[in-house]
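Encoded as structure tokens, the structure appears first; notes follow it.
Coordinate-derived values only; no laboratory data. Note that this is a predicted model, so its numbers are computed, not measured. Neighbour counts run over all protein chains shown; Cβ positions are idealised from the backbone, glycine included.
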Amino acid sequence: MARQSPLLPLYSAPDFEIGESNGTRIALRTKKKKEWDDYVADLSALRRRLFVGPAVPEWLANHNISAPQGLLKYNNLEKGAVIVRLHRQQYLLIDSVEGSSYDDVFSIEQRRHDGILVIAYEAAEIACGGPHVEDLIAELCPMNVAINEPNSWIATRFAHCELAIRHLAEPSHYRILCSPADARFVFEILFEVTLERDGVALGFNDYRALINLGD
């Protein structure tokens with residue numbers, strides 16, 4: 001049985017094509033045709049795995065994944081996948097919207113493997129972008145995320161919730177990772193301020209097409 005994105009109830013079926021991606025029911029495409037600049041999109045169907053243990057960097061290297069050395073830093077992998085160092089011995093792998101070359105890693109059974117603990121990482125992920133996105137983020141986040149170094153995993157408070165933000169270039173936009181419990185509130189606030197700028201909500205495949213246009 002497919003999982004469901006925690007944000008799916010916020011996407012009305014008449015306005016969106018609903019389907020599955022990576023075994024998750026999610027809004028895929030908007031049916032509305034309108035001009036827009038700013039957007040918010042649900043990416044919660046992306047695959048994620050948490051790896052815990054002192055030997056994780058070497059273990060990941062055996063799977064052609066180079067782990068970052070600094071805490072709260074991430075390395076870009078093939079097709080836009082990333083590996084994040086969350087804590088001293090914790091590394092989070094997030095897949096690309098295009099799928100990636102790491103199917104073998106995502107298919108590894110969730111248990112301990114020779115001292116490496118493999119865990120599913122339950123979270124909601126939201127993308128937001130457009131010409132006013134910096135103002136939008138500044139309105140909701142007390143930290144000036146625009147001044148952080150490249151490849152920074154920014155753990156902060158956002159709309160009164162604890163979450164993580166990272167900036168992506170080409171096209172410039174932000175990705176937000178939060179707990180499923182906070183997801184609906186965070187998305188509703190983001191959508192509200194996006195609508196104030198005549199923006200729209202997009203589906204998973206809408207976002208993928210948008211990113212490909214920026215390549």
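I need the shape label for the range 48-120. Rule: rounded when a/c is under 1.5, else prolate if a/b > b/c, else oblate, with a, b, c from the alpha carbon gyration tensor.
On the way: a/c = 1.69, a/b = 1.14, b/c = 1.48.
Oblate, since a/c reaches 1.5 and b/c is not below a/b.
Mean residue ellipticity at 222 nm from the helices of the chain, using -39,500 (n - 2.57) per DSSP H segment of n ≥ 4 over the full residue count, to the nearest 500 deg cm²/dmol? List each step's numbers first, then the result.
On the way: 5 runs with 44 residues, N = 215.
Only helices count here, giving -5500 deg cm²/dmol.
Extension gain LEU71-ARG157, at 0.36 nm per residue separation less the Cα-Cα distance, in nm?
29.1 nm
Name the residue from LEU28, LEU168, LEU86 whose Cα lies farthest towards the positive end of the charge dipole of the chain, charges +1 on Cβ of Lys and Arg and -1 on Cβ of Asp and Glu.
Of the listed residues, the answer is LEU86.
Could you calculate the FRET efficiency of ARG184 with ILE108 from 1/(1 + (r/R0)^6), where r is the beta carbon distance between them and R0 is 41 Å, rounded to 0.05? Show your work: numbers first, answer last.
Values: r = 31 Å, r/R0 = 0.75.
Computed FRET efficiency for ARG184 and ILE108 comes out at 0.85.
So which aspartates and glutamates can LYS31 reach, going by Cα to Cα under 20 Å and dropping same-chain residues fewer than 8 places off?
Here the aspartates and glutamates satisfying the reach criterion relative to LYS31 are ASP15, GLU17, GLU20, ASP42, GLU188, GLU192, ASP198, ASP206.
Using modelled backbone amide H atoms (1.01 Å from N, in-plane), which distant-in-sequence or interchain residues come within less than 5 Å of SER44's amide H?
GLU125
If you take the charge dipole of the chain about its Cα centre, with +1 on Lys and Arg Cβ and -1 on Asp and Glu Cβ, which of VAL193, HIS113, GLN4 is farthest toward its positive end?
HIS113
Once phi is turned into ³J(HN,Hα) by the Karplus curve 6.51 cos²θ - 1.76 cosθ + 1.60 with θ = phi - 60°, what whole-Hz value does each residue of the range 43-52 show in order, with x for glycine and proline?
Per residue, the Karplus-derived 3J(HN,Hα) values read 10, 5, 7, 4, 6, 9, 9, 9, 10, 10 Hz.
Using alpha-carbon positions, what is the distance between the centroids of the range 136-155 and the range 159-209, in Å?
Centre-to-centre (Cα) distance: 13 Å.
Which peptide among 149-155, 127-133 comes first, and what is the full order, when sorted by highest mean count of other Cβ atoms within 10 Å?
Working: 149-155: 14.7, 127-133: 20.9.
By packing density, highest mean first, the sequence is 127-133, 149-155.
What shape does the range 104-187 take by its C-alpha gyration tensor, where a ≥ b ≥ c are the square roots of the eigenvalues and a/c under 1.5 counts as rounded, a/b above b/c as prolate, and the rest as oblate?
Details: a/c = 2.36, a/b = 1.86, b/c = 1.27.
It is prolate, given that a/c is not under 1.5 and a/b is the larger ratio.
Suppose every Lys and Arg Cβ carries +1 and every Asp and Glu Cβ carries -1, with no other charges. What dipole size does the chain come out with about its Cα centre, to the nearest 20 debye? The partial results should precede the final answer.
Values: 22 positive and 30 negative charges, 116 e Å.
So the magnitude is around 560 debye.
With Cβ to Cβ distances under 15 Å as the rule, what net charge do the other residues near ILE116 carry (K, R +1; D, E -1)? List each step's numbers first, then the result.
Working: positive: ARG49, ARG85, ARG88, ARG111, ARG112; negative: GLU58, ASP104, GLU109, ASP114.
Result for the neighbourhood of ILE116: +1.
Which shape class, rounded, prolate or oblate, goes with the range 176-215 when its Cα gyration tensor gives a ≥ b ≥ c as root eigenvalues, a/c under 1.5 marks rounded, and past that a/b bigger than b/c marks prolate? Before the final figure, lay out the partial values.
Values: a/c = 2.82, a/b = 1.39, b/c = 2.02.
Oblate is the answer for the range 176-215, as a/c is 1.5 or above yet b/c matches or exceeds a/b.
Report ³J(HN,Hα) in whole Hz for each residue of the range 59-68, in order, from the Karplus equation J = 6.51 cos²θ - 1.76 cosθ + 1.60 where θ = phi - 60°; Gly and Pro get x.
Each residue's phi maps through the Karplus curve to give 5, 5, 4, 5, 10, 6, 10, 8, 7, x Hz.
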